[in-house]
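Structure record follows, encoded as structure tokens.
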Amino acid sequence: MSRIGVIGGSGLYQIEGIKSVKKITLATPFGKPSGQFITGKLEGREVVFLPRHDIGHRIAPSQINYRANIFGMKKLGVERIISVTACGSLKEELKPMDFVVVDQFVDRTNFARKMTFFEKGIVAHIGFAHPVCHVLTGTLYRAAMGLGLRAHERGTYINMEGPAFSTLAESNLYRSWGMDIIGMTNFAEAKLAREAEICYSTLAAITDYDCWHPDHATVTLEMVLGNLRKNIGNSKQVLLETIRNLPEKRDCPCVNALEYAIVTDKKYIPQKTKKDLKIIIGKYIK
Ligand SMILES: [Zn+2]
């Protein structure tokens, strides 16, 4: 049975109701994942859950081992990942407590974080024009709307480095670029998931307006945390509904994303690389 992965962001460190829970510690060729993977059954489907900042929120966005997290998901048989994330809004009409089902990303990290599995004697250029899975995002959006939540069918997520929030000048710059929401983590996950031929989607819950907004100065930490709590409750409902409605079999381009992406002549790919990447490239390179 194919597994559905859930990556939890700020505020989402556990999911209630998972049956036959197993906690799995995994090693990967890319080092240690954020923490233990939780596997089990939810709504009759096999799920794997991982909080990206670990339980207790101990890992900063720049320090997350994104490669190990996505590789671990792949190793556990995950075919789809729903990433739940808190974000700031860059547009008036995207209000706190709204959901945005992200369809595009812009990368504004400093390139220190590793975002590819292909570096040791192997080169692959995946198509990334449409960085999320349209089947998964469609299911997420319909689930949120069906629950009567305010949701936006698409939106561009700008991924800043952090951990500090933006300056006012940066916030206004991103607005002038037409960006919709801002966060610190999802771009690397989306890219790595595509390389691993895993469907990826981001369910972004807005906690507050970024600093460009006149209301920003009057927003207290208490208000932000209150919104975060409500968002997490709503996110869990959307997750359950999405997991219920996802078709068992995948029928989307994510499944063969690597088919024409590896450009390195097979005879030059080092044995160790072949071995390390077997679960990702094994169906194309023996
Ligand atoms: Zn897909």
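The values are calculated or read from the model by the stated rules, or taken from the named source; none is laboratory data. Remember, predicted model here, so these are calculated numbers, not experimental data. Here Cβ is always computed from backbone atoms with ideal geometry, including for glycine, and neighbour counts include all displayed protein chains. The area values use the complete protein model at the heavy-atom level, side chains included, leaving out ligands, DNA and RNA. Shrake-Rupley method; radii C 1.70, N 1.55, O 1.52, S 1.80 Å.
Within the span defined as segment 110-120, every residue fails to be aliphatic (A, V, I, L, M), under 24 Å from L240 (Cα atoms) and surrounded by 15 or more Cβ atoms within 10 Å (Cβ to Cβ).
Regarding I262, is this residue modelled with pLDDT of 95 or more and away from the ligand (no atom under 16 Å from the Cβ)?
Here the answer is yes, as I262 does meet what is asked.
Within segment 1-14, the set of residues being open to solvent by 20 Å² or more (accessible area, probe 1.4 Å) and at pLDDT 95 or above comprises just one member, R3. Can you spot a residue in segment 49-66 that is open to solvent by 60 Å² or more (accessible area, probe 1.4 Å), farther than 30 Å from P214 by Cβ, in a helix (DSSP H, G or I) and in contact with a Cys (Cβ under 8 Å, 6 or more places away or on another chain)? Checked against the condition, which is being open to solvent by 60 Å² or more (accessible area, probe 1.4 Å), farther than 30 Å from P214 by Cβ, in a helix (DSSP H, G or I) and in contact with a Cys (Cβ under 8 Å, 6 or more places away or on another chain), segment 49-66 yields no hits at all. When T207 is tested against (1) open to solvent by less than 20 Å² (accessible area, probe 1.4 Å); (2) closer than 21 Å to E93 by Cα; (3) in a loop (DSSP other than H, G, I, E, B), exactly one condition is not met: (3).
Go through segment 22-36 and give me each residue that's surrounded by 13 or more Cβ atoms within 10 Å (Cβ to Cβ) and assigned to a strand (DSSP E or B).
At the first step, the residues of segment 22-36 found to be surrounded by 13 or more Cβ atoms within 10 Å (Cβ to Cβ) are 24, 26, 28-30, 32-36.
If the condition is that a residue be surrounded by 13 or more Cβ atoms within 10 Å (Cβ to Cβ) and assigned to a strand (DSSP E or B), then I24, T28 are the ones that fit.
Just one of the listed residues (I158, I198) is within 17 Å of C87 (Cα to Cα) and either surrounded by fewer than 15 Cβ atoms within 10 Å (Cβ to Cβ) or touching a residue at least 60 places away in the same chain (Cβ under 8 Å) (or both), namely I158.
Filter segment 234-255 for residues that are surrounded by 16 or more Cβ atoms within 10 Å (Cβ to Cβ) and among the basic types (K, R); which is nearest to the ligand (Cβ to nearest atom)? Per the stated criteria, the residue is R250. Of the residues contained in segment 44-54, none is found to be among the aliphatic types (A, V, I, L, M) and modelled with pLDDT under 95.
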